Amino acid sequence: MMPTDRDAHPVTLPPGFSWPAGVRAAACFTFDVDAESAILAEHPAAAGWLDVMSHQAYGPRTGVPRILRLLKRRGIRATFFVPGYTADRWPDVVRAIRDAGHEIAHHGYLHEGARSAPDIEAEEERILRGLEALDRVTGVRPVGYRAPNWELSYRTPALLVQHGFLYDSGLMDADHPYRLATGPEPGARSIVELPGHWSLDDWEPYNYLPGITGSGVIASPADVMARWDLELEALVEVGGLFMLTNHPFVTGRASRVVALERLMERAQSIDGLWIATAVEIAEHVATLPLDAIVHRPHEVTPSP
């Protein structure tokens, strides 16, 4: 048998990192069930705008059921990052996600990013409020966290460890999962990081609300899937993690789910690609002998 290019150029994984036996790379299909919360956090006046609220309600009302049917057809378990506000407003929908066997993870309460929190107490209160809502509605205590708007502060990892989280999924500095230190001091505790990227988020190509978000140029699902398929192939070649972020009010629309199913079918055809929930991947990474990565705040001295 002739050697392949992959044989000639073997994958170099980070020190201490490995996938389970027989696995080349991993793919995780995740859904941020923002519903109305993504708009209300920054535009509270939108609570009185029926047009905008109906746009967001498409997610729990139509998108989530369609996505659950897709996942059932493909036999894929996914991770749903749920804001506490969504759980409070749409409890039956969030319980349906749980009952279908998918992972429920934490996504803030009213989708408030860390940059708007004035101090660590405010940031912690938002985490706790989301935890309480998910517990009240689903009986689930999540172990995974994704920051609203992907906004983490340098204090976030320590708060997550303090409140029993196993992993975070929101930083963008690696192709592979890693251990994230909660601080620079020797012996600091750590949490698993499952990195993603804006390029694997459906918000940018698809989402448009006049005066609120987007340019008005809405991409074709065929173009978006071609882009994501290229990233899938490239990450498999480097033995990385394909972390896809979709929103039911965005990707839950009919043609986009058809395209997403084709991407899932492609992923399922790749030899050695492990398709798993975020918690399954994090549990594996937690067993590895990885040195924790320390992120140190920058000290910037303004020019005179």
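The values are calculated or read from the model by the stated rules, or taken from the named source; none is laboratory data. The structure displayed is predicted, hence computed values, not measured ones. So basically every Cβ, Gly included, is an ideal-geometry build from the backbone, and we count neighbours across all protein chains shown.
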So which residues in the range 241-260 are touching a residue at least 40 places away in the same chain (Cβ under 8 Å), surrounded by 17 or more Cβ atoms within 10 Å (Cβ to Cβ) and in a helix (DSSP H, G or I), if there are any at all? P248, F249, V250, T251, R256, V257, L260
Would you mention how many residues in the range 151-170 are without any contact (Cβ under 8 Å) to a residue 40 or more places away in the chain and under 25 Å from A25 (Cα atoms)? 2
Criterion first (closer than 25 Å to S37 by Cβ and either within 14 Å of the chain's Cα centre (by Cα) or surrounded by 14 or more Cβ atoms within 10 Å (Cβ to Cβ) (or both)) does S190 satisfy it? no
Condition set among the polar types (S, T, N, Q) and modelled with pLDDT under 95, scope the range 271-304, selection farthest from F29 (Cα to Cα): answer is S303
A114 vs. criteria of a type outside the set (K, R), closer than 15 Å to L159 by Cα and at pLDDT below 95: yes
Hey, F249 hits all of (1) over 30 Å from A21 (Cβ atoms); (2) out of contact with any His (no Cβ under 9 Å at 6 or more places or on another chain) but one; which does it fall short on? (2)
Across the range 214-249, what is the total count of residues that are within 20 Å of the chain's Cα centre (by Cα) and of a type in the set (S, T, N, Q)? 2
Can you name every residue in the range 96-123 that is in contact with a Pro (Cβ under 8 Å, 6 or more places away or on another chain) and in a loop (DSSP other than H, G, I, E, B)? H107, G108, Y109, L110, H111, E112, G113
When residues of the range 159-187 are limited to those that are polar (S, T, N, Q) and part of a loop (DSSP other than H, G, I, E, B), the one surrounded by the fewest Cβ atoms within 10 Å (Cβ to Cβ): T182
Residue match in the range 199-211 (condition: touching a residue at least 60 places away in the same chain (Cβ under 8 Å), touching a helix residue (DSSP H, G or I) at 6+ places or on another chain (Cβ under 6 Å), over 20 Å from A87 (Cα atoms) and assigned to a loop (DSSP other than H, G, I, E, B)): no
Residue count, the range 124-158 (criterion: at negative phi and outside any loop (DSSP other than H, G, I, E, B)): 21
Determine, yes or no, whether A282 is surrounded by 15 or more Cβ atoms within 10 Å (Cβ to Cβ), in a helix (DSSP H, G or I) and in contact with a Leu (Cβ under 9 Å, 6 or more places away or on another chain). yes
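Yes/no matrix, rows are residues, columns are (1) surrounded by fewer than 22 Cβ atoms within 10 Å (Cβ to Cβ); (2) at pLDDT below 95; (3) within 24 Å of E283 (Cβ to Cβ):
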residue	(1), (2), (3)
I120	yes, yes, no
E125	yes, no, no
R129	yes, no, no
P142	no, no, yes
P157	no, no, yes
Note on the range 223-240: residues touching a residue at least 60 places away in the same chain (Cβ under 8 Å) and within 18 Å of L194 (Cβ to Cβ) are L232, L235, V236, V238, G239, G240
